[in-house]
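In what follows, a structure is listed as structure tokens, so that the remarks can point back to it.
The values are calculated or read from the model by the stated rules, or taken from the named source; none is laboratory data. Fair warning: this is a prediction, and the values are worked out from it, not measured in the lab. Cβ: placed from backbone, ideal geometry, glycine included. Neighbour counts: every protein chain shown. Accessible surface areas use protein heavy atoms only, side chains included; no ligands, DNA or RNA. Shrake-Rupley method; radii C 1.70, N 1.55, O 1.52, S 1.80 Å.
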Amino acid sequence: MDKIELKIKNTIEKNKLCNKKEKVLVALSGGKDSTLTAYLLKKLGYNIEGFHIDLEIGTYSKRCRESVEQLCKDLDIKLHVYDMKKEMGAGMCYLRTSIQSKQAKGNLKNCAICGVLKKWIFNKCARNLKADKIATGHNLDDEAQTFLMNFFKGNPKLSANSGAITQNIQDEKFIPRIKPLFYVAENDIRAYTKKLNLPVIYDKCPCALDSYRIEVRKFLNTLSTKEKENIVKNMEITMKKLQKSKENIIQYCQYCGEPSRNNICKKCKLMKF
Ligand code: SF4
Ligand SMILES: [Zn+2]
């Protein structure tokens, strides 16, 4: 077994991310991270199905969808596709622009809006499909990046639920999210998916325009993998302490009924007000 595969296997087993009786829905974007997640979970014998959100971001989304379809065919796994235009009445670009055009939301970044909508869709659909876990392709660089951004903005508590498995949220309507690539550096994933010749779209999403995130990524790219690992390890130690003190009362959104920390969930706050 390759070094990277062993690392992922250890992450899954040590952190008890999932077991072989559970149904794991892999959130497939068409990119290298989620593609490798599905490939390895399948190789290791887990019970997986694919889930793809067609964001309707022009030809980019079309190519991503084709690559996900190819992967699921190659891996012989079932694929569920959520078409944003059909389900929500518009693609991500239109929804995001209309949310940003509201005065109070003008400063919200594309990825922040997209992230909230995608999490809402994942949870609701995974529950409807009776999945036990949702697997995403978040890697070491993503985690270090998000943690540093929250830290630099003076709000490290926003990372309190970070980890290889969603911490601290226990509710029957909430499907836990797992990140098998949590300790794997982005460069290693790119090299490995190329070596395996997996069907991957390597282009960046055309909507990823958050300049602050880009700056933090540039800074992280100057660090070694060891240093990135140290950031994430320290994050885990700090977050364990924060989790103990954090209130975790889950309510159901008064508009959509989805689990939320407030009486209106983040998605409904974005879409309705
Ligand atoms: S890069 Fe940002 S906008 Fe593009 S799919 Fe990811 S979260 Fe959405
Ligand atoms: Zn809601």
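See the values below:
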quantity: Residue check for Ile201: part of a loop (DSSP other than H, G, I, E, B), among the aliphatic types (A, V, I, L, M), within 15 Å of ligand 1 (Cβ to nearest atom) and within 26 Å of Cys72 (Cα to Cα); calculated: yes
quantity: Members of segment 1-36 that are part of a loop (DSSP other than H, G, I, E, B) and out of contact with any Gly (no Cβ under 9 Å at 6 or more places or on another chain); calculated: Met1, Asp2, Lys16, Leu17, Cys18, Asn19, Lys21, Glu22, Gly30
quantity: Every residue from segment 209-218 that is touching a residue at least 12 places away in the same chain (Cβ under 8 Å) and either in a helix (DSSP H, G or I) or exposed (fewer than 13 other Cβ atoms within 10 Å of the Cβ) (or both); calculated: Leu209, Tyr212, Arg213, Val216, Arg217
quantity: Residue ranges of helices (runs of 4 or more DSSP H) in segment 60-134 with at least 3 members touching a strand residue (DSSP E or B) at 6+ places or on another chain (Cβ under 8 Å); calculated: 110-128
quantity: Leading residue by the ranking (modelled with the highest pLDDT) among those in segment 166-184 that are hydrophobic (A, V, I, L, M, F, W, C) and surrounded by fewer than 20 Cβ atoms within 10 Å (Cβ to Cβ); calculated: Phe174
quantity: Conditions (1) closer than 21 Å to Lys173 by Cα; (2) open to solvent by less than 20 Å² (accessible area, probe 1.4 Å); (3) part of a helix (DSSP H, G or I): number failed by Ile48; calculated: (3)
quantity: Residue list for segment 81-121, restricted to those being open to solvent by less than 30 Å² (accessible area, probe 1.4 Å), under 15 Å from the mean Cα position of the chain (by Cα) and within 16 Å of ligand 2 (Cβ to nearest atom); calculated: Ile113, Gly115, Leu117, Ile121
quantity: Residue match in segment 233-256 (condition: within 16 Å of ligand 1 (Cβ to nearest atom), modelled with pLDDT of 85 or more and either of a type in the set (Val, Ile, Thr) or open to solvent by less than 70 Å² (accessible area, probe 1.4 Å) (or both)); calculated: no
quantity: Residue check, Glu49 touching a residue at least 40 places away in the same chain (Cβ under 8 Å) and in contact with an Asp or Glu (Cβ under 6 Å, 6 or more places away or on another chain); calculated: no
